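The values are calculated or read from the model by the stated rules, or taken from the named source; none is laboratory data. Computed from a predicted structure; not experimentally measured. As a convention, Cβ positions derive from the backbone with ideal geometry for all residues, glycine included, and neighbour counts pool all protein chains shown. For the accessible areas, the whole protein counts, side chains as well, though only heavy atoms, and no ligand, DNA or RNA atoms are used. Shrake-Rupley method; radii C 1.70, N 1.55, O 1.52, S 1.80 Å.
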Amino acid sequence: MLSAEDNEMLTRVGPGTPMGELFRRFWLPALVTTEIPERNGPPIRIRLLGEDLVAFRDSAGQVGIIAARCPHRLAPLFFGRNEDGGLRCAYHGWKFSTDGTCLDMPNEPPQRQFKQRITQLAYPTREQGGVVWVYMGPVSVMPDEIPQFEWVQAPEGHQFVAKWLQRSNWCQGMEGEIDTSHISFLHSMKEVYNPEALVAQSPSVLEKAALDGAPRLTLLETPYGFNYGSRRAYDGQYYWRVTRWLFPMYSLIPGTAHGGAGRCWVPVDDEHTFTFHYQCRDDRPFDEAEIAQFYRGGGFPPRMERTRFALGDGTIIDTWVPTANLENDYLIDRQMQRDVNFTGIWGVNEQDRSLQEGMRPIVDRSKEHLGTADIAVLSARRLLLNMAKKLMKGIEPTPPHDPASYNLRPLEVIDPQDDFRSILEKYDATLGAAAF
C-alpha cells in the first residue's frame, strides 16, 4: 500500500505541488484541434493542472491558451471578442494576443495607457497530430519537441484522437490502463459475444485468452518508463500482451493491427481528468465508417456529448461528457449482467469509468491490499514519485527531452516462448513506428 503522504504527492497537481511541477515539465495534450476549428472563433473554457484558462484561435490561426480572467477587473475572458489578432475582454475592451501581450486598453486615454506593463499569463502551444499541446513549466527547461508518437507524426486523416472528461483523479484512469488482469473480469463476455466490447486485433483470441484470469506479469524498466508483459495460457502456447507505459501518463496498448493506440490522462484538477484516446493507421486514412464506429462508444471513446460542465467549485469548462455516468449508474442493465457480460455495462470505457470514478474522486491508497497482479501499478507509482522527489531537489527529468523515445508500438502475439525478455528480443525490433 501507499502511505497517505505519498498518495497526497501522487495525486495533487496544482501549482507548486511536486506532481504538478513534474507534469509541467512535459508538453501535454490540452485540446483536440476540432474544439477550436475557426480563426477568430469563440474561445472555450478549460482547466489544466488546477489552473483556469481560455483557449482561442487568432486571426493567423495560432492557438492561444491564456489565463481565464482579464487582469483589469478579473472579468471572464470567455465572453470576449476574438478579433483582429487577439481576444478582447467584453467588460472594458482590454485585448490580449496568444502570447499574453496586452494589445489595447481602450478605456484609458492614449496618454495614460500602460499596456506595456501588463502581461496576461499565457502558455506556449504547438499543434500536431490533431491535438493542441501546451507547455506550462519554466521556459528555461522547455523541451524542444513534443513526444513523437507514431500517431503524432502520421499524416492528417491517418490518426484518430478523441477526448472526454473523467470524473476522478488522473491516477485512477492511468492505473486502470496498466492493470491487465482486469480484462479477464471487467471486460469479459458470457454466452453472447459482442466484438464491439473488445479491443484485440482478433477478438476471438482475447475471448479465449481471457479465460486465464491470472496472467503471469513481467516488467522491465526503460528510460521512457517501462515495458509490461502479460502472459496467458493459450492452446498450448502463450498469448502475450506487451504494454508500453511512458512518462508521465501515456500508454501504448495492444489491439490495433496497423499502428499504435493508447490513452493518456491529463489532470484538469485533483478530481477531474481529460482522457485522450489516440490511434493511427500506417496503411491508409481512417474512413467514415470507421470513425462512425468509434463514436458508437463500444470501446474508446465512450458515448458522449459536447456540453458545458460545472466543476466542484462551480467553474464551468467546455468539454465532452460521457452519457453513461455516475448519475445514471453507467446505464447498468442487470439482465445483461446475467446473460451477456460480466458487468451489465455496455462499452469498454464505460465499464472502466464505473469502477474508477466509483472509487471516489481520489482513492485512499493507504487502505489497499495489493498483490502480484499489481506490479505495473506499483512500478508506475514508484517511478513517478521518485522523479517528482528528484525534481524537488533540483534534478530535472530527462524523458521530456527525448521525444524520439515515444516512437513505439505495443505488442500482441501468440508464441510458445515463455520468457518475456526472449519475446522482446524476438519481436521488438519490428515494433518501431512507421516512418511517415
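Have a look at 107, 302, 424 and report the one farthest towards the positive end of the charge dipole of the chain, computed about the Cα centre with Cβ charges (Lys/Arg +1, Asp/Glu -1).
The residue sitting most towards the positive pole is 107.
Spit out the partnerless Cys residues in the chain, using Cβ distances under 4.7 Å as the pairing rule.
Cysteines lacking a close Cβ partner in the chain: 102, 171, 264, 280.
Compute the Cα gyration tensor for region 247-394, then decide on rounded, prolate or oblate, letting a ≥ b ≥ c be the square roots of its eigenvalues: rounded whenever a/c is under 1.5, prolate when a/b is larger than b/c in the other cases, and oblate in all that remain.
Values: a/c = 1.40, a/b = 1.23, b/c = 1.14.
Note, shape of region 247-394 comes out rounded.
Cα centroid distance between region 23-68 and region 328-342, in Å?
Value for the Cα centre distance between the two parts: 38 Å.
Which order do the peptides 95-101, 39-45, 149-155 take when ranked by the mean count of other beta-carbon atoms within 10 Å per residue, highest first?
Per-residue Cβ counts within 10 Å, averaged per peptide and sorted highest first, yield 149-155, 95-101, 39-45.
Taking the alpha carbon gyration tensor of region 1-99, what are the square roots of 5 times its eigenvalues, largest first, to the nearest whole Å? Display every interim value, and only then the final one.
Values: eigenvalues 197, 48, 19 Å².
Rounded to whole Å, the semi-axes are 31, 15, 10.
Among 341, 94, 50, flag the residue with its Cα farthest along the positive direction of the charge dipole of the chain, charges on Cβ as +1 for Lys/Arg and -1 for Asp/Glu.
94
Send over a whole-number figure in Å² for the accessible area per residue of the chain, probe 1.4 Å.
Values: 18470 Å² over 436 residues.
For the chain, the solvent-accessible area averages 42 Å² per residue.
Going 7 Å from the Cα of residue 83 toward and past its Cβ, which residues in region 103-128 have a backbone nitrogen under 14 Å from where you end up?
It comes to 104-107, nothing else.
Given bins 20 angstrom wide, list per bin the percent of all Cα-Cα distances in the chain, short to long.
The calculated distribution, bin by bin, is 25, 57, 17, 2, 0.
Determine, for the chain, the count of lysine pairs separated by eight or more sequence positions (or lying on different chains) whose alpha-carbon distance falls under 25 Å.
Values: 95/115; 190/208; 208/426; 367/389.
Taking the chain as the scope, the lysine pair count is 4.
Show me the three semi-axes of the equivalent ellipsoid for region 88-190, from the C-alpha gyration tensor (sqrt of 5 times each eigenvalue), largest first, rounded to whole Å. Intermediate values should be presented prior to the final figure.
Working: eigenvalues 373, 64, 42 Å².
After scaling each eigenvalue by five and taking roots: 43, 18, 14 Å.
For q values of 0.18 Å⁻¹, compute log₁₀ I(q)/I(0) with the Debye formula on a Cα-only model of region 368-417, without solvent.
-0.87
For a paramagnetic label modelled at 7 Å from the Cα of residue 62 toward its Cβ, which residues of region 122-144 fall within the zone defined by backbone nitrogen distances under 13 Å?
Inside the label zone: 122-127.
Could you check the spin-label model distance between residue 372 and residue 74? Points 7 Å from the Cα along Cα→Cβ, value in nm.
Taking the simple label geometry, residue 372 and residue 74 are separated by 5.6 nm.
Calculate the spin-label point distance for residue 5 paired with residue 292, positioning each point 7 Å from the Cα along the beta-carbon direction, and give it in nanometres.
5.8 nm
Relative to the Cα centre, what is the charge dipole magnitude of the chain, using +1 at the beta carbon of each Lys and Arg, -1 at the beta carbon of each Asp and Glu, and rounding to the nearest 20 debye? Write down the numbers at each step before the final one.
Working: 46 positive and 57 negative charges, 211 e Å.
Value, rounded to 20: 1020 debye.
For region 265-304, build the charge dipole from Cβ charges (+1 Lys, Arg; -1 Asp, Glu) around the Cα centre, then report which of 291, 277, 267 sits farthest towards its positive end.
291
Measure off 7 Å from each Cα along the Cα-to-Cβ vector at residue 216 and residue 34, then give the distance between these two points in nanometres to one decimal.
4.4 nm
Could you order the peptides 13-20, 104-111 from most to least packed, using the average number of other C-beta atoms within 10 Å per residue?
Details: 13-20: 18.1, 104-111: 11.8.
With the highest mean Cβ count within 10 Å placed first, the list reads 13-20, 104-111.
What size of dipole, in debye to the nearest 20, comes out for region 246-351 about its Cα centre when the only charges are +1 on Lys and Arg C-beta atoms and -1 on Asp and Glu C-beta atoms?
Details: 9 positive and 16 negative charges, 52 e Å.
It works out to roughly 260 debye.
Share of the chain's accessible area from carbon and sulfur, percent, 1.4 Å?
Numbers: 9430 of 18470 Å².
Heavy-atom surface of the chain belonging to carbon and sulfur, 1.4 Å probe: 51 percent.
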